[in-house]
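Below is one structure, written out as structure tokens; comments come after it.
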Amino acid sequence: MPPKRKNDDAGESSARERKKLKVADARTIQVQGTSAAGGSNTTNDQRNAVASSSSAGPSKTAIQFNSMQGLPASLDVERFTEARAYEIDAMQKAIKNASKSSTHRAWQTLPRHLRRRAASHDVRRVPVRLRDKARAEMDANKRRLLGRPKRGRANQTTRTEALLKRQRDKSWLETHIWHAKRAKMQNMWGYRLAVTPTEKAFRPSHRASMHGSILHDASYYATIELKGPQWLLQAVLEQCCDPQVSGMKRYMTDGRACEARVYKHASYPLALLGPITIIWQPLSPESNPSQTQEPPAQSGKGRGKGKGKGKEKQTDDSKLPESNNGPRVIWVRCHPAIFEDVFESVRTSASYVLEQSKKKDPQKHAEIEIADLRGCINAFEIMGPKSSQVIKGALSPVGNDDRKDAKKFWDSLTDLQTSSSIPRGMVVGLQVLDPRLKFPPKNAKPHYPDVAQSSTQMSPAFIFPTALTAQSELWDEEKRGSLKSPGTRRRISTKGDPSSTSQSGNTQGVHGWTLLFPAGWGMAFLSSLLYTGTRFAGQRERMKQFFEAGVGGFPNDYPSVAAYDAVTNDRAEQEKARWERTPPAKKPNYEKLGTRSPWSADWGVVLGLEKPNAAQTAGSGRQEVEELVTTQRENPPDPEAMRIDEESSNVRPWLLRGPRVPTMLSNTFITSAQFLGEINKLRVKNHMTPLDASLSADDLMRSALVMVRAKMVRRGAPTDMANIYKMEDPEARKWIKAFEKETQGTAEWADSSKPNDYELGEIKPAQTDIIGYVTTGDVSLLRGEGFAIGAIPVMQYFALRKQALRLSQPSVLVKIRDRDGTTCRVAYLELLDS
């Protein structure tokens with residue numbers, strides 16, 4: 001047989017053949033030689049007779065042998081056993097060698113009709129004769145005694161090495177194995193994260209967030225630690241954070257978490273990176289409040305306070321180092337998609353602040369330490385009205401805590417209906433025992449006292465955040481390191497702050513807690529928290545919480561941001577590849593549907609900064625629709641909203657976000673110069689110079705995007721990437737009349753002379769009427785109707801506001817059409833206030 005490998009010699013056998021010979025040798029019983037076996041009982045005469053009979057040819061004569069002939073008259077058992085000792089020993093050795101060389105497990109030796117998938121771990125499912133062997137195969141120690149191939153022992157790797165090898169291109173959370181068994185996993189932002197549970201959990205997850213509790217492992221969020229004097233840290237934040245966040249004093253002294261947006265260094269409102277959460281380390285009780293809680297002059301107090309206004313801020317700018325030089329620590333928590341950009345922005349701002357401080361006082365030495373705390377702090381987001389009871393039932397605080405407010409707050413968690421009843425962003429520091437010592441936890445059941453008891457008992461709503469309540473040992477690096485390896489009877493320092501996603505209007509938002517605790521305790525906390533009946537949420541469920549609350553989720557609802565572009569590009573490639581391999585009869589024809597950009601939003605074309613290419617403008621019936629629309633126009637278009645200038649390489653789309661956006665855009669007839677003035681006022685508030693003169697006010701206003709909510713008027717549920725269209729006044733009046741006719745009696749509805757919403761919805765709009773796109777759209781389970789979050793240009797928003805005034809409508813009217821649909825639906829638009 002020729003060798004299978006080139007390196008094998010012709011005279012040597014292969015490994016497979018050697019293995020076959022080894023197994024065959026193990027299953028062969030040795031036979032004793034003839035010399036040692038002794039004489040035979042067959043006589044020579046009988047052998048000769050047999051030989052002559054076989055050589056005589058065919059014969060009908062039968063030769064009979066006597067089987068008893070030649071046997072001894074008596075048998076000595078002892079001598080017979082000694083004569084057969086070799087054969088007996090060979091049989092025992094053959095049975096032992098055959099069992100060792102067997103390549104089949106006990107369950108594999110059974111017939112197929114007796115095999116069961118569950119039998120791999122249940123010894124009682126196999127026959128009695130094979131149970132000892134099955135137990136030995138399941139026991140690691142006994143299986144080692146049975147013997148394993150020596151050839152594989154040197155190449156075997158431990159389980160830890162095997163799991164670390166699988167994390168070369170991504171990182172696992174501490175709860176990865178638990179989630180991998182129950183959810184669909186995907187590589188996202190350098191981590192292997194759970195996307196959605198494998199079970200049907202869309203509606204149950206929503207019910208849990210509205211009526212129960214739901215938990216999401218947010219340990220993949222990055223944490224950046226800054227150490228330095230308070231006035232320097234505040235100056236760093238002012239250089240890279242949103243100046244619309246007012247009241248910085250309460251975040252520094254009262255134990256609150258600040259939710260803001262971060263930009264590149266001194267680039268507000270351009271170069272938005274994403275949302276962040278800022279947490280100041282609470283002041284220790286031994287510190288002097290007169291020194292540590294005095295706000296620096298450059299922080300910029302809110303309007304109407306009577307201090308720190310206008311020129312007084314600039315005059316006190318030279319006294320910044322003397323205002324407060326106490327050492328402080330802050331944590332900046334951000335999404336992993338923007339960690340590198342946020343870290344670079346904070347580092348650049350810190351270098352700028354230190355350079356400015358050195359110029360003012362060269363002899364004074366100051367420094368800022370920036371540390372990366374990724375992998376040091378775990379975070380769980382527990383949302384829902386029962387989140388407080390879940391935390392109360394799963395965790396147990398230590399008994400040596402002498403803080404009265406913390407004890408009152410912990411006792412009041414049982415009767416807390418929702419976390420929205422307490423101040424938003426309140427930070428509470430706790431020291432709890434190992435949750436495994438209390439397993440299984442008991443759910444905290446709320447009780448409702450009578451009026452007399454409620455008057456004396458303190459409610460959580462009347463417990464305000466203080467620095468003493470927010471004290472926690474989680475800030476200490478040495479204590480965090482000592483708790484990294486979970487043991488028994490440990491005291492873990494945790495920190496919780498209410499996290500809420502709320503919206504304006506009659507609908508309620510989603511509220512809950514963010515639990516921060518040291519690394520190494522992920523599974524210990526997860527098992528106790530989920531045992532209380534809490535569901536777990538993946539990335540899809542987390543984004544649905546933002547959607548139901550009516551706020552934008554990062555990064556899907558942040559157009560013009562680098563993280564949004566990365567997500568949309570990946571999604572566009574996947575959807576386009578799926579569309580290309582789908583048969584033509586089973587996929588939408590976007591060219592005939594008139595969809596200009598089916599894979600990703602062309603914000604540059606929407607803003608008028610770019611011109612659509614030939615492939616985007618191609619579509620059947622487009623010219624006829626444009627001619628139909630132009631004949632129906634009564635009022636000329638707004639020159640500021642409809643103007644499309646030449647392409648400008650310096651102008652890029654940017655997103656205007658913040659709590660003061662509705663106030664800034666409340667004036668419908670604001671000019672571009674006034675808009676630039678409002679932006680510069682906010683920049684001066686944070687001690688930034690006005691925007692460069694190379695960027696004109698017209699270009700700044702023309703390239704701005706604003707986030708909006710879309711509420712469907714009658715029917716329809718827009719999907720992601722749906723087109724938002726404007727309407728001319730005649731078409732808008734027809735829609736208004738159609739809605740009024742539908743709400744009236746059937747007699748007028750039967751009048752076919754007046755158009756209805758079905759006929760108006762079938763009119764194909766022109767591609768030039770696209771003013772925005774839907775970033776997230778679906779049926780809202782909270783509202784019971786279609787709902788969407790999208791973005792439109794600021795100029796188009798002003799034009800729609802003017803149209804609403806002309807039509808005497810309280811809200812802005814637009815049309816929305818899915819990218820693969822043919823029917824348009826009408827919706828009301830309103831600005832996002834956060």
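The values are calculated or read from the model by the stated rules, or taken from the named source; none is laboratory data. What you see is a predicted model; the values in this text were computed from it and never measured. Neighbour counts are summed over all protein chains in view; Cβ atoms, including those assigned to glycine, are modelled from backbone coordinates with ideal geometry.
With E731, E742, E759 as the choices, which residue is of a type in the set (D, E), at pLDDT 90 or above and part of a helix (DSSP H, G or I)?
Matching residue, one of E731, E742, E759: E731.
State all residues of segment 151-197 that are without any contact (Cβ under 8 Å) to a residue 40 or more places away in the chain and among the β-branched types (V, I, T); if no residue qualifies, say none.
T157, T158, T160, I177, listed by residue number.
For segment 325-349, how many residues meet the condition of being part of a strand (DSSP E or B), in contact with a Lys or Arg (Cβ under 8 Å, 6 or more places away or on another chain) and of a type outside the set (K, R)?
2
For segment 799-834, what are the residues that are among the small types (G, A, S) and without any contact (Cβ under 8 Å) to a residue 60 or more places away in the chain?
Taking segment 799-834 and keeping what is among the small types (G, A, S), we get 799, 804, 808, 811, 821, 827, 834.
Residues satisfying the conditions are A804, S808, S811.
Kindly establish whether F554 is in contact with a His (Cβ under 7 Å, 6 or more places away or on another chain) and within 12 Å of T776 (Cα to Cα).
Numbers: in contact with a His (Cβ under 7 Å, 6 or more places away or on another chain): yes; within 12 Å of T776 (Cα to Cα): yes.
Criteria met by F554.
What's the number of the only condition in (1) within 13 Å of L529 (Cα to Cα); (2) in a strand (DSSP E or B) that V432 fails to meet?
Going through (1) within 13 Å of L529 (Cα to Cα); (2) in a strand (DSSP E or B) one by one, V432 breaks only (1).
Scan segment 108-128 for residues that are modelled with pLDDT of 75 or more, of a type in the set (A, V, I, L, M, F, W, C) and either in contact with a strand residue (DSSP E or B) (Cβ under 9 Å, 6 or more places away or on another chain) or surrounded by 10 or more Cβ atoms within 10 Å (Cβ to Cβ) (or both) and jot them down.
L110, V123, V126
Residues in segment 135-145: is at least one surrounded by 15 or more Cβ atoms within 10 Å (Cβ to Cβ), more than 30 Å from L21 (Cβ to Cβ) and at pLDDT 80 or above?
Among the residues of segment 135-145, not one is surrounded by 15 or more Cβ atoms within 10 Å (Cβ to Cβ), more than 30 Å from L21 (Cβ to Cβ) and at pLDDT 80 or above, which makes the answer no.
Do you know which of the residues in segment 563-602 that are touching an Asp or Glu at 6+ places or on another chain (Cβ under 9 Å) and outside any loop (DSSP other than H, G, I, E, B) is farthest from W189 (Cα to Cα)?
L593
Are any residues in segment 85-107 at pLDDT below 80 and not in a loop (DSSP other than H, G, I, E, B), and if so, which ones?
K96, N97, A98, S99, K100, W107
Report yes if some residue within segment 364-379 is among the basic types (K, R), within 30 Å of S284 (Cβ to Cβ) and within 24 Å of the chain's Cα centre (by Cα); otherwise report no.
So far as segment 364-379 goes, yes, one or more of its residues are among the basic types (K, R), within 30 Å of S284 (Cβ to Cβ) and within 24 Å of the chain's Cα centre (by Cα).
For segment 661-718, which positions are touching a helix residue (DSSP H, G or I) at 6+ places or on another chain (Cβ under 6 Å), surrounded by 16 or more Cβ atoms within 10 Å (Cβ to Cβ) and assigned to a loop (DSSP other than H, G, I, E, B)?
Hits for segment 661-718 are N686, H687, S703.
Looking only at segment 187-219, how many residues end up being aromatic (F, W, Y), at negative phi and buried (at least 17 other Cβ atoms within 10 Å of the Cβ)? Reasoning before the result, please.
Taking segment 187-219 first, the residues aromatic (F, W, Y) are 189, 191, 202.
From what's left, at negative phi: 191, 202.
Cutting the leftovers down to buried (at least 17 other Cβ atoms within 10 Å of the Cβ) gives us 191.
Number of matching residues: 1.
Among (1) out of contact with any Pro (no Cβ under 8 Å at 6 or more places or on another chain); (2) among the small types (G, A, S); (3) at pLDDT 55 or above, where does S649 come up short?
So the condition that S649 fails would be (3).
Looking at P423, P460, P449, P465, can you tell me which residue is under 24 Å from P385 (Cβ atoms), in contact with an Asp or Glu (Cβ under 6 Å, 6 or more places away or on another chain) and at pLDDT below 85?
P465
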